[in-house]
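In what follows, a structure is listed as structure tokens, so that the remarks can point back to it.
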Amino acid sequence: EDEDTHGHVARHLTLLDLIAVGVGGTLGTGIFVFCPLIASTYAGPSSVFCWLLSAVPALLSGLCFAELAGQIPAAGSTYAYVYASMGELPAVVAAGCLSLEYLVSASAVARGWGDKMVEWMADEAASSNSNDGDGGQHGGGTKDGLMARILQHPGGGGTSFNPMAFLLCAMVSMLLLCGVKESKAVTNYFTAVKVAVILTMILTGLGLLDVRNLRPFLPSEFGISGFFYGGTLSFMGYLGYDEVCCLTAEAIEPQRNMPRAILWTMSILTVCYMGATLALSGMLPYDQISAVGGFPESFEARGIEWASALASIGELFTLPLVVLVAIMAQPRLQ
């Protein structure tokens, strides 16, 4: 088969495009969810090395994907590799598992993003009403509050339907229907913004680092068992890099670029996770870190309001990219 084409699909994804897909579809949840959770609940400041611990099996898995992607330059990721090595039936099972993984992850992230958007709208409406002298009856906050209530309880309540999550998935699907080149440009843009926001958060947090907050490095109430549990949990922050392999059929020089894209993605993820955890642990004592608020509340506690706002907005701004990459991989499980 000609290496420049796979069926009718043109090869147009460069190494940078593949890295953008891997980083964009993976980085985010680990920073905003797992970093504060592990640092405050399971390992304290030693959670920095939890990410290094989990990076070892993640890297070994990534090396396997890199080897297979180089030898089998076809779309489908695990499906293609199982099909080539074990046959059709095991490949169908593998494809079903991948479809379920991408579907559930995209739905969960979209749902979380929708809830956060509605919460943000409600907070803005409450803030507007509290600043209105007549209780907001003639202010702009009333419409925002009504919209937030409608989105929180569509149809008057009694349903789990999330309109904002549906809107996000619909918009992402429409973007993907416009073509891969258009979705590639959006992915590259959002990944660049996401990395810039996270690097700003990390550098700002490191500037506020107080070494006294890093002691004790491994709190006695957590112990070594908490450290290893944190390492197990942090492994989830690496899940998603394999979505790069679904785009092998559209990659330029896949034998050369696919292994490089996977290894670059793993390296960037490890550095960002360890840097973010060190910054977060250094800003506040581990028992004062919010397991839910994470960076926004830590910056607010240190009096850096702009960084707190940046972290809050950055989370809302970057999560849709995870949904985009997960849905992008679905039709490539051929």
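Tabulated data for the structure shown
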| read-out | value |
| --- | --- |
| Top of Met283, Met86, Met164 by mean-square fluctuation, Gaussian network on the chain, Cα under 10 Å | Met86 |
| Where chymotrypsin sites (Phe, Trp or Tyr not before Pro) in DSSP loops with at most 16 other Cβ within 10 Å are excluded, longest remaining stretch of the chain | 1-160 |
| Angle in degrees between helix 180-207 and the longest Cα principal axis of the chain, rounded to the nearest 10 | 50 degrees |
| On Cα atoms only, tilt of 305-329 relative to the major axis of the chain in degrees | 30 degrees |
| Carbon/sulfur fraction of accessible area - the chain, other protein chains in place, 1.4 Å, % | 66 percent |
| Neighbour count of at most 11 Cβ within 10 Å plus DSSP loop: longest GluC sites (Glu not before Pro)-free window in the chain | 4-220 |
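The values are calculated or read from the model by the stated rules, or taken from the named source; none is laboratory data. Remember, predicted model here, so these are calculated numbers, not experimental data. With ideal geometry, Cβ positions are generated from the backbone for all residues, glycine too; neighbour counts draw on all protein chains shown. The area values use the complete protein model at the heavy-atom level, side chains included, leaving out ligands, DNA and RNA. Shrake-Rupley method; radii C 1.70, N 1.55, O 1.52, S 1.80 Å.
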